1. Give me the pairs: first residue in segment 121-132 and on the phi < 0 side of the Ramachandran plot and among the β-branched types (Val, Ile, Thr), second residue in a helix (DSSP H, G or I) and surrounded by 10 or more Cβ atoms within 10 Å (Cβ to Cβ), beta-carbon distance under 8 Å, and six or more apart or on different chains, which are they?
2. Please determine, by comparing only the residues of segment 93-112 that are touching a residue at least 24 places away in the same chain (Cβ under 8 Å) and surrounded by 15 or more Cβ atoms within 10 Å (Cβ to Cβ), which one is nearest to Val187 (Cα to Cα).
3. For the condition part of a helix (DSSP H, G or I), over 19 Å from Ala227 (Cβ atoms) and either in contact with a Cys (Cβ under 6 Å, 6 or more places away or on another chain) or of a type in the set (A, V, I, L, M, F, W, C) (or both), what is the one hit in Val143, Val150?
4. Would you confirm whether any residue within segment 145-163 is basic (Lys, Arg), open to solvent by 10 Å² or more (accessible area, probe 1.4 Å), more than 22 Å from Thr80 (Cβ to Cβ) and touching a helix residue (DSSP H, G or I) at 6+ places or on another chain (Cβ under 7 Å)?
5. Residues of segment 202-232 being open to solvent by less than 40 Å² (accessible area, probe 1.4 Å), small (Gly, Ala, Ser) and without any contact (Cβ under 8 Å) to a residue 60 or more places away in the chain, which ones?
6. Of the residues Thr90, Thr64, which single one is touching an Asp or Glu at 6+ places or on another chain (Cβ under 9 Å) and touching a residue at least 24 places away in the same chain (Cβ under 8 Å)?
7. Condition (residue is over 30 Å from Gly219 (Cβ atoms), assigned to a helix (DSSP H, G or I), modelled with pLDDT under 85 and under 24 Å from the mean Cα position of the chain (by Cα)) applied to segment 115-132: is it met by at least one residue?
8. Only one residue in Phe37, Phe86, Phe44, Phe70 is over 23 Å from Phe160 (Cβ atoms), hydrophobic (A, V, I, L, M, F, W, C), under 20 Å from the mean Cα position of the chain (by Cα) and open to solvent by 50 Å² or more (accessible area, probe 1.4 Å). Which one?
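The values are calculated or read from the model by the stated rules, or taken from the named source; none is laboratory data. Predicted model only: the values in this text are computed from it and were never measured. Every residue, glycine as well, gets a Cβ built from its backbone with ideal geometry; the counts of neighbours run over all protein chains shown. Remember, those area values only see protein heavy atoms, side chains included, never the ligands or the DNA or RNA. Shrake-Rupley method; radii C 1.70, N 1.55, O 1.52, S 1.80 Å.
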Amino acid sequence: MRDQRRGPLASVGLHTTLVIASAVAVFPPLWLVVTSFKPKSEAFSTDVVKDPTLGNYRHVLGDTEFLTWFGNSLFIVVITTILGVFIAATTGYAVSRFRFPGMRPLMWLLLITQMFPVAILIVPLYNIMSTLGWLNQPISLIVTYLTVAVPFCAWMMKGFFDTIPVEIDESGRVDGLNPFGTFWRLVVPLAKPGLAVTAFYTFITAWAEVAYASAFMTGEDNLTLAAGLQTFVNQYTSDWGSMTAAAVMIAIPAALVFSWAQRHLVAGLTDGATKS
């Protein structure tokens, strides 16, 4: 058998590449954090923080509508994540376990919906929300984010449910459970990695989205966090210190959710990518 060990030059090249890639990945968020502690007059300075200050954070929390934006985003994200996980899980389970007319077109439809970029969908979705009277209402963003997240998550959950033995469903029916009871009591506990990935993807879709939130919501009281960031830097104002401070605070909940879901991400994504 040929020796698979790397030579010294190969090891040096590999580790050098990893160090450079890690530095490139870490530098932007690290510089964002550093800038958030700089005085506004030094926002564009390339020096490390000389006189660290919490003034940017105090300004964002005390003098802006940041807490209102946070409440708006939290409400939209929680509802979107709960509904998204439930709809994606039930859809994926139904397509995985049952055969019904239109099943194949449904699966193709779930994929085709992922082909359209945001720029194409904003105008028709805006017209629909306007007709329904949902503009400046949280429901407009909840429905929109569900249309973005559910198709991908349902397809992924279908692949995940395919890896769970059908015999488990059969044992539930023998015990007198109906299809939903079998799904809820027997299959869902085994699908926690896939559900964690679905929850994380749905959360990120709703938490970090800017385009729809900016188009559908007007007035500072109705903005979400991502849309609210634009009020710090636009054609009239340029407050980079406040923007970086707000961005850091917005990233904290996402980091917490990621830390909760990370142990399930690899298992959920790899299991969901398999095909029986």
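1. Sorted first by the residue in segment 121-132, then by its partner, the pairs are Ile122/Ala211; Ile122/Tyr212; Ile122/Ala215.
2. Among them, the one singled out is Tyr93.
3. Sole residue among the options that is part of a helix (DSSP H, G or I), over 19 Å from Ala227 (Cβ atoms) and either in contact with a Cys (Cβ under 6 Å, 6 or more places away or on another chain) or of a type in the set (A, V, I, L, M, F, W, C) (or both): Val150.
4. To start, the set of residues in segment 145-163 that are basic (Lys, Arg) comprises 158.
Checking which are open to solvent by 10 Å² or more (accessible area, probe 1.4 Å) leaves us with 158.
This time we only want the ones that are more than 22 Å from Thr80 (Cβ to Cβ), so: none.
No, there is no match, as no residue in segment 145-163 is basic (Lys, Arg), open to solvent by 10 Å² or more (accessible area, probe 1.4 Å), more than 22 Å from Thr80 (Cβ to Cβ) and touching a helix residue (DSSP H, G or I) at 6+ places or on another chain (Cβ under 7 Å).
5. Across segment 202-232, there are no qualifying residues.
6. Values: Thr90 fails: touching an Asp or Glu at 6+ places or on another chain (Cβ under 9 Å).
Among Thr90, Thr64, only Thr64 is touching an Asp or Glu at 6+ places or on another chain (Cβ under 9 Å) and touching a residue at least 24 places away in the same chain (Cβ under 8 Å).
7. yes
8. On the way: Phe37 fails: under 20 Å from the mean Cα position of the chain (by Cα); Phe86 fails: over 23 Å from Phe160 (Cβ atoms); Phe44 fails: under 20 Å from the mean Cα position of the chain (by Cα).
Checking each option against the conditions leaves just Phe70.
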